[in-house]
Amino acid sequence: GTLHDMTAHALIRKLELESWCGLEAPAAAVTWTHDAIREFFDSDGAVLGHSAATMEGERPHSPTRLSHVEFHKVRELSMPGERYGLLFPHTSEQLQSFGAAWLTEAFHTAGTLPSEIQVSKLVSLKTCPGGGAAAKLFVSVEYSEHSPELHTELFVKIPVKDPQQKYLVACVLDQNSPEILVNRALASQLPFHSPKYYFGDLSIETTNFILITEKIMYGEEADICVAGEHQTVTIEPAYDKFRDYVVPRVAEHYFCLVAALARMAGWHRCGRLGEVDRFFNTGRSVNEHWLVGTTAATVETKFGLFADFVGNTAHRLFPPGVRCPQFLSDLKTQMLHIAEHTGSVLEYLYQDPDYVALAHPNLNIDNAYFWCSGSGALECGLLDWGGCHIKSLPEAMSWAVFAADPAMWSEHGERLVQAFVDNFYAHGGAMLDPTKFMGDFKLNMALMALNVLGVVPVIYSNTPKKEWATIKDRFDERVDTRFMTMAYTLQIVHVLTLWTQEGIYENFTAWLQRPASGKDLARCPSELPRAHSRATAESDVTIPSDQPQVTTRTLDQEQSDDSEDLAMFL
């Protein structure tokens, strides 16, 4: 096969602009064979300025599966980390107390600070607002010697204080270990910029963790090193999800995100990232947690509150076509139909290995930072790798754009899919079928829609129902300035808009009627392995077989809590 002429031309131009090679972009479009591109990207690293990623010293991680009772017994304990064996701070107060001496020891142990240099002073520690999966801190330090390779402004992640949220993130979704592993072992080898790693570790016994990287200086001038080339650039301001209206050239930013997502996936598929598969879970096991809350019974239970929120409580925020009683009645029938086949959909999304790769799990626009290169081309770096796993690529795409303005997707969606397909192929992946990719993207959106049914209680816990009587639009400060309210309300708005705009249910019914091919993977939801009840081979990195039962709570009660808690995470 051949790569599309214009895609090859754009690829060569991109490489030239990033100083990844000495090729001169041709005056006319050219055609590269797939083998030629694979040979180019599979070089020993001299061309790209990268070496193959190594997991030397890392161990396959066994996710922590504690019952609620066990978790509450250990959640405040301090124990040595799994990777480096150091006792580490896991609260802001502890970090302030441990101070510069601990930072020096930690950075020396991690090999990120030269042995002859010390952290001489912890200058300041400030809380960073936003997010729900971790507490975040800005830390300023001084070193005993100046070095251009060392950052004095650092970014720190530690566990959230809220016990329920901490349990969900650590014990149900296993967010923390994959994020630390990506930053520690992979970030410097990925085909885009990542914040410099300084230290990261966690305790399996307690679920506590710490991650320290450079602080991205949003809105300021910064030195960016990509593929061994240093550039002084101005980082654009930080962007929030669901606020595309403040992003200049918004579609260009999503094309940039999609290209980065595809490049990483392509490198993984062609082996460029090394032997990483046994260190990361697959989405098939990760998503079983999400499917706990997508049975027909849970749709029946949750739909009434959901429909009342859309059709009555917050009706001013929804398009007329999705808040009317007939649409909501039809939507319930459609969701009940989909709920009968969630296990089959999940199996299908992971059936073809060409469409599965290591990918960023939640590449919304707020999990990236952007700058323009010297030529004016928009570039991006990625961060926030919590829960990183090997996942269905159409699923990865849906998680990257679900917070985007639906109008942007309506206008550019097909070209964004084609951009992913082209970049994935150019960086070592198979040539994917864009039509199948789009259909699978919509299948995953159907699963996401079922999970959106559970977010209304979260909204009401942040903005009580009585306040909605006077909320006229999404820019009301009771929505716009309350992150959880804004994020979950607009998630519903976007998902329902895409439901009608993209024909999500129609795509699902067409999928059900597809001609049978190979092994029939269709299974009823009852046949799906129960969450927390999976057998695990010692050589595989999957979620451990059992979550311990305790006398005060049944396993079904634990699962019910987990499914209700899932809405709190994103």
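The values are calculated or read from the model by the stated rules, or taken from the named source; none is laboratory data. What you see is a predicted model, and the numbers here were worked out from it, not measured in a lab. Backbone-built Cβ (ideal geometry, glycine too); neighbour counts: all protein chains shown. Just the protein is used for accessible areas: all its heavy atoms, side chains included, with ligands, DNA and RNA removed. Shrake-Rupley method; radii C 1.70, N 1.55, O 1.52, S 1.80 Å.
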### Task
Hey, can you tell me all the residues within region 121-139 that are more than 27 Å from the chain's Cα centre (by Cα) and hydroxyl-bearing (Ser, Thr, Tyr)?
SER124
### Message
Condition check: more than 25 Å from ASP480 (Cβ to Cβ), open to solvent by less than 10 Å² (accessible area, probe 1.4 Å) and more than 13 Å from the chain's Cα centre (by Cα). Does VAL421 satisfy that?
### Response
yes
### Query
Within region 292-315, is there a residue that is assigned to a loop (DSSP other than H, G, I, E, B), over 19 Å from the mean Cα position of the chain (by Cα) and modelled with pLDDT of 90 or more?
yes
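Which one of these is of a type in the set (Lys, Arg) and in a strand (DSSP E or B): LYS391, LYS332?
Values: LYS332 fails: in a strand (DSSP E or B).
On inspection, the qualifying residue turns out to be LYS391.
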### Query
Taking region 178-196 as the search range and keeping residues that are touching a strand residue (DSSP E or B) at 6+ places or on another chain (Cβ under 6 Å) and more than 28 Å from LEU378 (Cβ to Cβ), which one is surrounded by the most Cβ atoms within 10 Å (Cβ to Cβ)?
ILE180
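Return the total of residues in region 467-513 being acidic (Asp, Glu), without any contact (Cβ under 8 Å) to a residue 60 or more places away in the chain and more than 18 Å from PHE309 (Cβ to Cβ).
Qualifying residue count for the region: 2.
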### Task
Sort through VAL169, VAL160 and tell me the only one that's open to solvent by less than 30 Å² (accessible area, probe 1.4 Å), among the β-branched types (Val, Ile, Thr) and either part of a helix (DSSP H, G or I) or within 20 Å of ILE117 (Cβ to Cβ) (or both).
VAL169
#### Entry: Count - residues of region 305-318 that are open to solvent by less than 50 Å² (accessible area, probe 1.4 Å) and farther than 13 Å from ASN451 by Cα
9
### Query
Which of (1) over 25 Å from the mean Cα position of the chain (by Cα); (2) modelled with pLDDT of 70 or more is the odd one out, the single condition LEU66 does not satisfy?
(1)
### Query
What residue, among those in region 72-96 that are modelled with pLDDT under 95 and among the acidic types (Asp, Glu), is surrounded by the most Cβ atoms within 10 Å (Cβ to Cβ)?
GLU82
### Query
Any residue in region 107-120 that is among the aromatic types (Phe, Trp, Tyr), within 18 Å of ILE180 (Cβ to Cβ) and under 30 Å from the mean Cα position of the chain (by Cα)?
yes
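Find the residue count for region 99-153, including only residues that are of a type in the set (Gly, Ala, Ser), part of a strand (DSSP E or B) and in contact with a Leu (Cβ under 9 Å, 6 or more places away or on another chain).
Of the residues in region 99-153, 1 are of a type in the set (Gly, Ala, Ser), part of a strand (DSSP E or B) and in contact with a Leu (Cβ under 9 Å, 6 or more places away or on another chain).
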